[in-house]
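Trainee: Starting off with a structure, shown below.
The values are calculated or read from the model by the stated rules, or taken from the named source; none is laboratory data. Note that the coordinates shown come from a computational prediction; the quantities given were computed from them, not determined experimentally. Note: ideal-geometry Cβ built from the backbone for every residue, glycine included; neighbour counts use all protein chains shown. Heavy atoms of the whole protein, side chains included, go into the accessibility calculation; ligands, DNA and RNA do not. Shrake-Rupley method; radii C 1.70, N 1.55, O 1.52, S 1.80 Å.
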Amino acid sequence: MPIRVLPEVVAAQIAAGEVVERPASVVKELIENALDAGATSITVEADHGGIRLIRISDDGHGIPAAEAELAFARHATSKLNVVEDLNHIRTLGFRGEALASIAAVSRTTMITRHRDETAGVEVQIEGGAARTVRPVGAPVGTVVTVENLFFNTPARLKFLKSESTERKHITDLVTRYAMAYPAVRFRLSQEGRAQFQSTGSGDLADVLVEVLGLDTFREMLEVSSQAPSRPDLPPIEVYGFSSALSLNRATRGHIVLFVNGRVISDQTLTYAVVQAYRDLLPQGRYPLAILLITLPPEDVDVNVHPTKAEVRFRVPDAVFAAVQRAVRAAVANQSASPSGHRDSYVTGGWDAPISGADSSYTLPQGRRPVVPGEDQLRLELGTFDPGHSPSSAPGVSAIPAGPGQPARPRTLPILRVVGQVGAMYLIAEGPAGVYLIDQHAAHARVIYEQLRDQQVAGEPVETLPVQGITVDFPVLAAQALETALDALAGLGFEIEPFGGSTFRVRAIPVLLADEEPGAALSELIQEVQSDEETPLGERLIRRVSQAAAYKAGQVLSFDAMQSLIQQLERCESPRVDPYDHPTMIHISGEDLARQFGRRQEPRS
Ligand code: ADP
Ligand code: MG
């Protein structure tokens with residue numbers, strides 16, 4: 001083929017690929033335009049994950065009718081004149097590419113009315129070719145509607161993920177902008193359902209309560225800038241919230257950073273946040289954070305990336321230090337005040353029953369909670385080894401567990417229940433000594449194996465119908481719940497969407513009959529949202545088992561204790577709970593004899 005200059009429309013489609021990667025990129029560009037126009041209220045609607053329709057309405061200053069068509073030309077912008085302007089750019093846009101790119105790969109309609117004009121104008125463009133421009137009556141502001149995204153770039157369309165993934169990207173994006181601009185009222189609805197709304201009060205805390213929910217927000221610490229270490233450094237302001245030690249996640253993905261009102265991705269700054277928690281969080285756990293960083297525009301280069309997702313700082317070290325010091329101060333403050341200190345490693349105690357929140361914490365592999373009292377026992381009793389009891393291997397026999405139940409091999413010797421201590425531990429006696437059994441851990445193990453076997457066998461879980469319970473979740477939680485409805489149905493939850501972020505619960509697993517459905521669901525949603533590697537199904541079963549198990553502090557009848565021990569004796573892994581924490585401490589006859597300074601009786 002001879003060399004020739006590409007037709008404008010083709011060039012625009014190619015360039016569009018850089019700016020418009022997926023529906024959420026369209027939402028981003030249009031929100032940024034609305035913000036640049038000084039909007040105080042921005043409404044986002046999307047259908048079919050944004051592929052069929054995206055509509056963004058703002059109450060900004062609008063575009064003069066005479067310029068409306070020009071806004072769609074490539075490199076047409078009102079925000080930049082000479083290249084020097086780039087050095088102190090105060091708007092989110094400046095490349096003049098977004099509208100041209102979006103219009104090149106969709107059917108775009110814009111209705112806009114400038115605040116100094118009496119009528120509006122409608123511009124309609126399909127696949128980059130201008131179709132119609134006509135005057136219309138409209139309120140001041142701009143409405144951009146993008147339909148059939150990527151209709152003329154099938155390759156791009158094919159690479160999109162499922163609609164629910166695209167929906168999630170849109171929700172993430174809108175909630176992030178709502179956090180960065182607390183003074184702007186954002187509203188998001190998808191598939192015709194209102195999903196999220198911020199008040200525009202100007203207070204980041206208000207937005208976070210909407211986005212994260214009150215319970216999670218309560219575990220966030222306020223972060224604000226500390227005085228700079230050197231006066232010659234540029235003034236850098238850091239404001240936001242970062243999680244208390246009790247709240248953490250398996251990836252860095254929950255650290256959200258904004259620089260001068262832009263959502264940015266920056267490995268180094270993310271590391272500055274992680275760094276502030278050094279030695280305070282277990283290996284492989286990361287904080288949540290939302291930080292708004294502000295610095296003079298001339299100290300940031302925003303023109304290094306087509307979607308402006310990355311920025312360059314004139315003095316990167318100063319920004320790193322400012323972020324790290326601000327977060328560190330908040331975290332240090334928390335650790336210092338006893339009321340704010342919620343150490344997730346210490347659970348239970350003789351007079352402190354394990355609360356739902358504590359017991360739900362997922363410990364990383366290899367870590368185990370320090371249970372007060374256990375160390376004490378270790379000291380007093382000398383050696384014990386819960387993992388390797390000589391009595392566990394021999395004597396494995398198969399006796400029926402009860403009428404109608406299949407025989408399961410015995411994995412523990414027959415134990416005789418002696419009693420309960422501290423409303424927390426059971427004492428049992430076996431042929432090889434004494435067993436101290438954690439009632440919560442042991443029960444969780446028993447339930448876990450039952451549920452797991454039922455799932456494998458495809459047996460239905462026993463459900464308890466509940467009447468007319470509606471529960472309301474924060475937007476991200478609601479979205480997570482929606483993706484997990486099938487998995488939860490398999491566990492006995494009958495839940496249906498009820499508009500917005502409200503759900504109606506029709507049935508819960510009988511196992512959770514004593515739990516408050518909303519609270520139980522919240523815990524399971526956290527599991528859906530977490531990014532642990534263990535498959536979701538497995539994690540949900542673990543959580544349900546944990547929630548359904550006897551609590552520490554619960555006084556058990558003798559029958560209940562006996563039944564628990566009998567079931568435990570036939571568990572596949574009776575010695576650890578679903579999270580791999582020990583369920584029991586075995587003290588052999590020899591250990592006891594040694595502790596009492598007794599010589600061993602010869603056995604017959
Ligand atoms: P950029 O934002 O980089 O200038 P865009 O292609 O996104 O480029 O927009 C082109 C121009 O159209 C903007 O410079 C602005 O003047 C105008 N514009 C776009 N969207 C809006 C809006 N929602 N309100 C007012 N003006 C807008
Ligand atoms: Mg723009």
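Trainee: How large a share of the accessible area of the chain, in percent, is made up of carbon and sulfur atoms when the probe is 1.4 Å and the other protein chains stay in place?
Mentor: 53
Trainee: Could you state the angle between the C-alpha long axis of helix 8-19 and the longest principal axis of the C-alpha atoms of the chain, as a value from 0 to 90 degrees rounded to the nearest 10?
Mentor: 30
Trainee: Compute the normalised compactness of the stretch 64-148: alpha-carbon radius of gyration over 2.2 N^0.38 Å, N being the residue count.
Mentor: 1.13
Trainee: I want to check a number: in the chain, how many lysine pairs have alpha carbons closer than 20 Å, given a sequence separation of 8 or more or different chains?
Mentor: Lysine pairs, 8 or more places apart or on different chains, close enough: 6.
Trainee: Between GLY597, PHE498, LEU488, whose Cα lies farthest towards the positive end of the dipole of the chain when Lys and Arg beta carbons carry +1 and Asp and Glu beta carbons carry -1, centred on the Cα centre?
Mentor: GLY597
Trainee: Stick to Cα atoms and the Kirkwood definition of Rh, then tell me Rg/Rh for the stretch 479-604.
Mentor: 1.16
Trainee: Which residue, chosen from GLN13, LEU451, ALA276, occupies the Cα position most advanced towards the positive end of the dipole of the chain, where the dipole is computed from +1 (Lys, Arg) and -1 (Asp, Glu) charges on Cβ about the Cα centre?
Mentor: GLN13
Trainee: From the Cα trace of the stretch 437-540, what convex hull volume per residue do you get, rounded to a whole Å³?
Mentor: 104
Trainee: Using a 1.4 Å probe, what is the accessible area per residue for the stretch 1-160, in Å²?
Mentor: Value for the stretch 1-160: 49 Å² per residue.
Trainee: Taking each pair of different alpha-carbon atoms in the stretch 530-581 once, compute 1/r for the pair, average those values, and report the inverse of that mean as the Kirkwood hydrodynamic radius in Å to one decimal.
Mentor: After inverting the pairwise mean of 1/r, the radius is 12.8 Å.
Trainee: I've got another one for you. Kirkwood Rh, the stretch 1-105, all Cα pairs: how many Å?
Mentor: When all Cα pairs of the stretch 1-105 are included, the Kirkwood radius is 15.0 Å.
Trainee: Something else now. For the stretch 173-308, count the residues as N, evaluate 2.2 N^0.38 Å, and divide the Cα radius of gyration by that value, please.
Mentor: 1.11
Trainee: Treating the beta-carbon of each Lys and Arg as +1 and of each Asp and Glu as -1, no other charges, what is the dipole magnitude of the chain about its Cα centre, to the nearest 20 debye?
Mentor: 760
Trainee: OK, next. If you consider only alpha-carbon coordinates, what radius of gyration and Dmax does the chain have, in Å?
Mentor: Final numbers for Rg and Dmax: 30.1, 106 Å.
Trainee: Given a Förster radius of 45 Å and the C-beta distance between ASP580 and HIS48 as r, what FRET efficiency does 1/(1 + (r/R0)^6) yield to the nearest 0.05?
Mentor: Taking R0 as 45 Å, the efficiency between ASP580 and HIS48 is 0.60.
Trainee: Of VAL417, GLN554, PHE473, which is farthest along the charge dipole of the chain in the positive direction, counting Lys and Arg as +1 and Asp and Glu as -1 at C-beta?
Mentor: VAL417
Trainee: Hey, got a sec? Which GluC sites (Glu not before Pro) in the stretch 527-567 land in a DSSP loop and have at most 10 other Cβ atoms within 10 Å?
Mentor: Sparse-neighbourhood loop GluC sites (Glu not before Pro): GLU533.
Trainee: Here's another thing I want to ask about it. Mind ordering 170-180, 503-513, 435-445 by average Cβ neighbours within 10 Å, highest first?
Mentor: My ranking of the peptides, most packed first, is 435-445, 170-180, 503-513.
Trainee: For Cα pairs less than 8 Å apart in space and 6+ apart in sequence, what is the mean separation divided by the residue count of the chain, i.e. the relative contact order in percent?
Mentor: 11
Trainee: For the stretch 409-537, what does the accessible surface come to per residue with a 1.4 Å probe? Please give it in Å².
Mentor: Roughly 43 Å² per residue, with all protein chains present.
Trainee: When all protein chains stay in place, what accessible area (Å², nearest 10, 1.4 Å probe) is found for HIS254?
Mentor: Rounded to the nearest 10, the figure is 50 Å².
Trainee: If I model a spin label at HIS75 and GLN566 as a point 7 Å from the Cα along the Cα→Cβ vector, what separation in nanometres do I get?
Mentor: 8.4
Trainee: Hey, another quick one. In nanometres, what is the gap between the two model label sites at ARG218 and LEU233, each 7 Å from Cα along Cα-to-Cβ?
Mentor: Each label point lies 7 Å from its Cα, and together they span 3.5 nm.
Trainee: Taking the 0 to 90 degree range and rounding to the nearest ten, how far is the long axis of helix 536-548 tilted relative to the main principal axis of the chain, both from C-alpha atoms?
Mentor: Around 50 degrees separate the two axes.
Trainee: For the chain, what is the mean residue ellipticity at 222 nm derived from helices alone (per DSSP H run of n ≥ 4: -39500 (n - 2.57); sum divided by total residues; nearest 500 deg cm²/dmol)?
Mentor: -9500 deg cm²/dmol
Trainee: Can you pull the one-decimal nm distance between simple spin-label points at ILE414 and GLN595, each 7 Å off the Cα toward Cβ?
Mentor: 2.6
Trainee: Please give me, ordered by residue number, the chymotrypsin sites (Phe, Trp or Tyr not before Pro) of the stretch 525-597 that lie in loop per DSSP and have at most 10 other Cβ atoms within 10 Å.
Mentor: In loop regions of the stretch 525-597 (DSSP not H, G, I, E or B), the sparsely surrounded chymotrypsin sites (Phe, Trp or Tyr not before Pro) are PHE596.
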